[in-house]
Amino acid sequence: MRAVWYDRQGPARDVLTFGEFADLVAGPGEVRVRLRFSGVNPGDTKKRRGWLGSEMPYPRVIPHSDGAGVIDAVGDGVDSARIGRRVWIFGAQSYRPFGTAAEMTVVPERQAVDLPDEVPDEIGACLGIPGITAHRAVFVGGAVAGKTVLVQGVLGSVGSLAAQLAHWAGATVIGTVRQRDDLDQINGRAVTHSVALDEHGVVDVIRAHTPAGVDHIVEVAFSDNIDLDAAVARNGTSIAAYATRTDRPGFPFWPMLFDNITIHLLGSDDFPPAAKQQAAKDLTAAAQQGALTIAIDAQLSLERTAEAHDRVDAGSRARVLVDVSG
């Protein structure tokens, strides 16, 4: 099969190799998927470049955890009726060496989720890491129907899906962007109130929309936003943080203590299996119902995977896909 891999960490154009790779075989409880698209995420490029001192987990890695395609073989214990089914994939390169930057990949059966006819392969390939992270960020504290959810960084891949999932689940969503010039890019169908963090009196702006305070916060920049989060929280608010700019952030302990605020720190590779399965179910249902809109920046051929990584590392807000089938 054609594939892209790396044997050492470093810049994409220095370490990524495109060539022929031995076909993979599905083991017990696994399915093999012939891929159409591979989704590229910041987590994939961080692993490749050794972010935070991470080392090579395996001697050779085919990157990317997300993708979409068709099951073409199954291992022992898997119903052969799944052969020929369109699926979207998550976790292909989570604690495994060979991800989706290839013509085929092998994953445990539960990580290949049936893709409804109404959902294009391109959308399916975007659901894995950002979708499951967004789902966990929204629902880790419980149901959100009838509640007010503040989504910080609502234009990001996780933040955008978090806002849409929260709206789909019956919440009122307040979404933030860094600057006023970005307000017109917000998905108005999912976000009830839009706020720019460079506005004067941003706490008062948010409080005007929800005087009692927000019920739950999805946080992309814990170190930058925690003072604002504490100022707009109500008693019992929960904060789900999946990223931070500073790795040892401070926060206003006593005000947050007296408001009984719960902080959830989210590492997507290690979410509970039941949470991942519920996320997969809900993401598929929301996509099938047309409740999810995902902006796609580029679809690059497999041999241009290094360029795809560079686009992600440059901070593209829209999703970057590798078209594996071409």
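Every read-out reported here was derived from the displayed coordinates using simple, explicitly stated rules and does not represent laboratory data. None of the values given here were measured: they were computed from a predicted structure. Note: ideal-geometry Cβ built from the backbone for every residue, glycine included; neighbour counts use all protein chains shown.
Would you be able to tell me the number of residues in segment 130-148 that are touching a Ser or Thr at 6+ places or on another chain (Cβ under 7 Å), of a type in the set (Val, Ile, Thr) and under 14 Å from VAL220 (Cβ atoms)?
Within segment 130-148, residues that are touching a Ser or Thr at 6+ places or on another chain (Cβ under 7 Å), of a type in the set (Val, Ile, Thr) and under 14 Å from VAL220 (Cβ atoms) number 1.
The rows are residues; the columns are (1) assigned to a helix (DSSP H, G or I); (2) in contact (Cβ under 8 Å) with a residue 40 or more places away in the chain; (3) exposed (fewer than 15 other Cβ atoms within 10 Å of the Cβ); (4) under 23 Å from the mean Cα position of the chain (by Cα).
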site: PHE18; (1), (2), (3), (4): no, yes, no, no
site: ALA22; (1), (2), (3), (4): no, no, yes, no
site: VAL31; (1), (2), (3), (4): no, yes, no, yes
site: ARG36; (1), (2), (3), (4): no, yes, no, yes
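Could you go through segment 244-263 and let me know if any residue there is closer than 23 Å to LEU155 by Cβ and in a strand (DSSP E or B).
Looking for residues that are closer than 23 Å to LEU155 by Cβ and in a strand (DSSP E or B), one finds none in segment 244-263, hence no.
Counting just the residues of segment 263-274 that are surrounded by 15 or more Cβ atoms within 10 Å (Cβ to Cβ) and in contact (Cβ under 8 Å) with a residue 60 or more places away in the chain, which one comes out nearest to LYS46 (Cα to Cα)? If you could, list the steps in order and put the result at the bottom.
Quick first cut of segment 263-274, residues surrounded by 15 or more Cβ atoms within 10 Å (Cβ to Cβ) only: 263-264, 266, 268, 271.
Going one step further and asking which of them are in contact (Cβ under 8 Å) with a residue 60 or more places away in the chain, we end up with 264, 266, 268, 271.
Details: HIS264: 22, LEU266: 17, SER268: 14, PHE271: 19 Å.
Among residues in segment 263-274 that are surrounded by 15 or more Cβ atoms within 10 Å (Cβ to Cβ) and in contact (Cβ under 8 Å) with a residue 60 or more places away in the chain, the one nearest to LYS46 (Cα to Cα) is SER268.
Restricting attention to segment 178-202, report how many residues are part of a helix (DSSP H, G or I) and either at positive phi or surrounded by 15 or more Cβ atoms within 10 Å (Cβ to Cβ) (or both).
Looking only at that region, the number is 3.
Going by the structure shown, is VAL205 within 22 Å of the chain's Cα centre (by Cα) and either assigned to a loop (DSSP other than H, G, I, E, B) or surrounded by 15 or more Cβ atoms within 10 Å (Cβ to Cβ) (or both)?
Working: within 22 Å of the chain's Cα centre (by Cα): no; either assigned to a loop (DSSP other than H, G, I, E, B) or surrounded by 15 or more Cβ atoms within 10 Å (Cβ to Cβ) (or both): yes.
Criteria not met by VAL205.
Looking only at segment 64-82, filter to residues that are within 26 Å of ASP44 (Cβ to Cβ) and acidic (Asp, Glu); which one of those is surrounded by the most Cβ atoms within 10 Å (Cβ to Cβ)?
ASP66
I'd like the full set of residues that are of a type in the set (A, V, I, L, M) and more than 22 Å from the chain's Cα centre (by Cα), limited to segment 57-105. Walk me through it before giving the result.
Restricting attention to segment 57-105, the residues satisfying the condition of being of a type in the set (A, V, I, L, M) are 61-62, 68, 70-71, 73-74, 78, 81, 83, 87, 89, 92, 101-102, 104.
Residues satisfying the conditions are ILE71, ALA73, VAL74, VAL78, ALA81, ILE83.
Hey, among the residues in segment 289-305 that are closer than 18 Å to PRO63 by Cβ and in contact (Cβ under 8 Å) with a residue 60 or more places away in the chain, which one's surrounded by the most Cβ atoms within 10 Å (Cβ to Cβ)?
Applying the filter and picking the extreme gives THR305.
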